[in-house]
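Everything below concerns the one structure shown next.
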Amino acid sequence: MITENATYSKSISNDFEENFKALGGEIVASEEFNTTQGEAKTELLKLNSTNANALFVSPQSPTNSIMLMRTINELGIKKKLIGNTVFVNPAVTKAGVFMPEDTFTANMAVDLNNSTMKTLLDKFIPLYGEIPYDTFFVSAVYDGAQMVFEAINACGGDENTSCLREHLLNVKDWQGASAAFNFDLQGDPILNNWKEIHLINGKAVFTDSNN
């Protein structure tokens, strides 16, 4: 594993490691690099010298995704590549950096024809000129805000925290831009439309994990 020393990238690596080990996997080596160091050749050389079958890559920004993939190519690293959604990102191939098509990440598959998602994209595209590379991240943040607004309206303001909690815990099949939401007793969303993402011809393509 190679991880950028930043909040998001470390949280993804921690979750991956915990679940990978629970499924019987072994992490044979792990390296971190700092956001501002500009290269990670030493760390990648150490990891390439191990007997690992695959390399999990977790950067914080597309800039460091490009740097890591370029260095992996320069060093001739041939291990199977897995990463977070920042690493398996069209920005890498748009920068002219080769990424093998069997490199993958996983994320929620979002239906772009969902009416709520269409409403969101009608606002997003004029501002940024394109569909977001991580449609789930953007739409889930949007959905979270909409749910909170609804809860505040239902509870007559944001001060009745008990009402807000109960309202959100009792959300059932709430259809947002990203998914239909239900929640468990801990308040975590119950989502089941996870798919692999591969970069094919420079575009993020969702596939079933058994394909």
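Rule-based calculations on the coordinates, nothing more; no lab input. Source: prediction; values computed, not measured. Note: ideal-geometry Cβ built from the backbone for every residue, glycine included; neighbour counts use all protein chains shown.
Here the extension length gained between residue 36 and residue 208 equals 58.3 nm, from 0.36 nm per residue of separation less the Cα-Cα distance. Every helix of 4 or more DSSP H residues in the chain counts as -39500 (n - 2.57), and over all residues that averages to -12500 deg cm²/dmol at 222 nm. Model label sites at residue 113 and residue 131, defined 7 Å from Cα along the beta-carbon direction, differ in position by 1.2 nm.
Projecting label points 7 angstrom from Cα along Cα→Cβ for residue 78 and residue 123 puts them 5.0 nm apart. Entry note, region 115-181: relative contact order of 40 percent, from Cα contacts under 8 Å with a spacing of 6+ residues. Of all DSSP bridge pairs formed entirely within the chain, close to 55 percent run antiparallel. Applying the Karplus relation 6.51 cos²θ - 1.76 cosθ + 1.60 with θ = phi - 60° to region 25-38 yields 3J(HN,Hα) values of x, 10, 8, 8, 6, 8, 10, 10, 9, 7, 3, 8, 6, x Hz, where x marks Gly and Pro. The loop-placed trypsin sites (Lys or Arg not before Pro) in region 99-189, going by DSSP, that have at most 14 neighbouring Cβ atoms within 10 Å of their Cβ come out as 172. Listed here are the pairs 21/78; 10/80; 21/203; which of them are more than 27 Å apart at the Cα? Over 27 Å apart, Cα to Cα: 21/203. Ranked by how many other Cβ atoms sit within 10 Å of their own Cβ, fewest first, the residues 133, 8 fall in the order 8, 133. Computed 3J(HN,Hα) for region 53-64, one whole-Hz value per residue from the Karplus formula 6.51 cos²θ - 1.76 cosθ + 1.60 where θ = phi - 60°, is 7, 8, 10, 8, 10, 10, x, 9, 9, x, 4, 7, glycine and proline marked x. Look at (i) 59, 38, 37; (ii) 44, 37, 32; (iii) 58, 58, 35: the one that is Cα extents along the principal axes in Å derived from this structure is (i). Close amide H pairs (under 5 Å, H built 1.01 Å from N) link residue 33 with 3, 4, 5, residues at least 5 positions away or on another chain. Among 119, 63, 93, determine the one that fluctuates most according to a GNM of the chain built with springs between C-alpha atoms less than 10 Å apart. Fluctuation is largest for 119.
Consider a paramagnetic label point 7 Å from the Cα of residue 200 along Cα→Cβ; state which residues of region 104-118 have an amide N under 18 Å from it. Correct set: 104-112. Given region 115-181, report the % of alpha carbon pairs whose separation exceeds 15 Å. For region 115-181, the fraction of Cα-Cα distances above 15 Å is 56 percent. Fewest-first ordering of 42, 35 by other beta carbons within 10 Å of each residue's beta carbon gives 42, 35. Ranking 171, 117, 132 by Cα position along the charge dipole of region 115-181, where only Lys, Arg, Asp and Glu carry charges on their C-beta atoms, puts 117 farthest toward the positive end. The modelled label-to-label distance for the pair residue 94/residue 49, using points 7 Å beyond Cα in the direction of Cβ, is 3.7 nm.
How much length would be gained if the chain were fully extended between residue 10 and residue 165, taking 0.36 nm per residue of separation minus their Cα-Cα distance, in nm to one decimal?
Result for the pair: 52.9 nm of gain on full extension.
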